[in-house]
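Structure first, then comments.
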Amino acid sequence: MQAFRLRPRSGFHFGQHGIDVEQTVERCPSDTLYSALFIESLRWKLPFFSPPANHDDDGPLDPPLLLSSAFPYIGEVQLLPRPQLRIPISESAGSKWLKRLEYVSPTIFGMIAAGGDATLDPYLKDQGRLLMGGKVWVAHADGALPVHENGMPIETFWQVEQNPHVAVDRGQATSNYFQVGKVSFAKDCGLYLLAEERQLGAADSLLALLRYLGDSGLGGRRSAGQGQFTVERAEVPTMPTPESPQRMVLLSRYRPSGAEIADKVFGRQASYGLVRVGGWLQSPTSTAAAQRRMNLRMLSEGSVVQLRPDGSPPLGTICDVRPRYAVGEFPHPVWRYGLAMGVPIGGEA
């Protein structure tokens, strides 16, 4: 496992499913990250993995590495998605605030993943704190949080705002007002991603591509200067290491293959959320008009799936989402990344 920190030089726009651009999220999903890296590799003629042109959903894959989504870091603390598991807290701590919780620090992530009788109540008081209106939960042991130049702690690590824009129809001399979402990170905050290297040297090639991508921009509104960053290697957050893993907490989006579904990765001990993925395709080679790619559903980060009967983690699929019409289809594959990267954990007691 290797980690890379993306230090923002501008804001980001990571759109959600829909027809508007007002909304954005603060993390970059793994499928969006893969697509951006793939386009960058084609632009600069650099090596990057993709399926063969005739690949189908259940075809064999041997990727050189696996990618996580890009999650926020705040100062020294690298945030992880909240696992979709029971949160071990007492009744006196309440539970309504758990609906807002999206990110946890590594210590809290590990305790949730481990289960057991240990309570997390101390991390609501002396050993940790809730931040960002209950969206973030950190343990003090996981590192220092960012501070302002005057030494006062930063309370808002990222902020989503809507920037006004006007589109002008020159033919009819009319204008159309709209807003575009933008997420901006505070000082010493940004994004980081994890890469699980399966072939020697694959992470070095990824670092080279990330440097090019930092200049081109990640996400939407790149023509307006958004999405730029500098990249550096970072420490990998401490992860659980169970002796007999039976499940996996996803750090990426995941689209299972038919064989994995038959192997009951969604068995009794699984717990997961689904996200609908759509949007516009991008092609550096086709001259066809901009088109929407096919929609699909994936498991979201933080979901829990079971390992396969032989104890191996599920791999997932990379599928072709090019638009198909009654009169034809897009001239080349449009790959959507759905490979699973995650943290192995034990089973239920």
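Would you pick out the residues in the stretch 165-215 that are at pLDDT below 90, of a type in the set (A, V, I, L, M) and under 20 Å from the mean Cα position of the chain (by Cα)?
Answer for the stretch 165-215, where residues must be at pLDDT below 90, of a type in the set (A, V, I, L, M) and under 20 Å from the mean Cα position of the chain (by Cα): just 183.
Which fully enclosed strands (runs of 3 or more DSSP E) of the stretch 272-349 have 2 or more residues being surrounded by 18 or more Cβ atoms within 10 Å (Cβ to Cβ)?
Filter on the stretch 272-349 gives 296-299, 304-306, 316-320, 335-339, 342-345.
Could you check how many residues of the stretch 325-346 are of a type outside the set (Gly, Ala, Ser) and closer than 18 Å to residue 255 by Cβ?
Matching residues across the stretch 325-346 total 7.
Can you pull out the residues in the stretch 41-81 that are out of contact with any Ser or Thr (no Cβ under 6 Å at 6 or more places or on another chain) and among the charged types (D, E, K, R)?
43, 45, 56, 62, 76, listed by residue number.
Hey, does the stretch 62-69 have a residue that's part of a strand (DSSP E or B), touching a Gly at 6+ places or on another chain (Cβ under 7 Å), surrounded by fewer than 22 Cβ atoms within 10 Å (Cβ to Cβ) and modelled with pLDDT of 95 or more?
For the stretch 62-69, residues part of a strand (DSSP E or B), touching a Gly at 6+ places or on another chain (Cβ under 7 Å), surrounded by fewer than 22 Cβ atoms within 10 Å (Cβ to Cβ) and modelled with pLDDT of 95 or more: absent.
Would you mind telling me which numbered condition in (1) within 21 Å of residue 313 (Cα to Cα); (2) surrounded by 14 or more Cβ atoms within 10 Å (Cβ to Cβ); (3) touching an Asp or Glu at 6+ places or on another chain (Cβ under 9 Å); (4) not β-branched (Val, Ile, Thr) residue 132 fails?
(1)
For the stretch 290-349, give me each residue that is acidic (Asp, Glu), in contact (Cβ under 8 Å) with a residue 12 or more places away in the chain and under 22 Å from residue 58 (Cβ atoms).
320
How many residues, within the stretch 75-113, are without any contact (Cβ under 8 Å) to a residue 60 or more places away in the chain and at positive phi?
Here the count works out to 1.
Give me a count of the residues in the stretch 35-56 that are in contact with a helix residue (DSSP H, G or I) (Cβ under 7 Å, 6 or more places away or on another chain) and either assigned to a loop (DSSP other than H, G, I, E, B) or not charged (D, E, K, R) (or both).
Qualifying residue count for the region: 8.
Sort out which residues of the stretch 44-74 are more than 23 Å from residue 332 (Cα to Cα) and among the aliphatic types (A, V, I, L, M), and write them in order of number.
65, 66, 67, 70, 74
The values are calculated or read from the model by the stated rules, or taken from the named source; none is laboratory data. Note that the structure is predicted; figures quoted are calculated from it, not measured. Cβ coordinates were reconstructed from backbone atoms using ideal geometry, including for glycine residues, and neighbour counts include every protein chain displayed.
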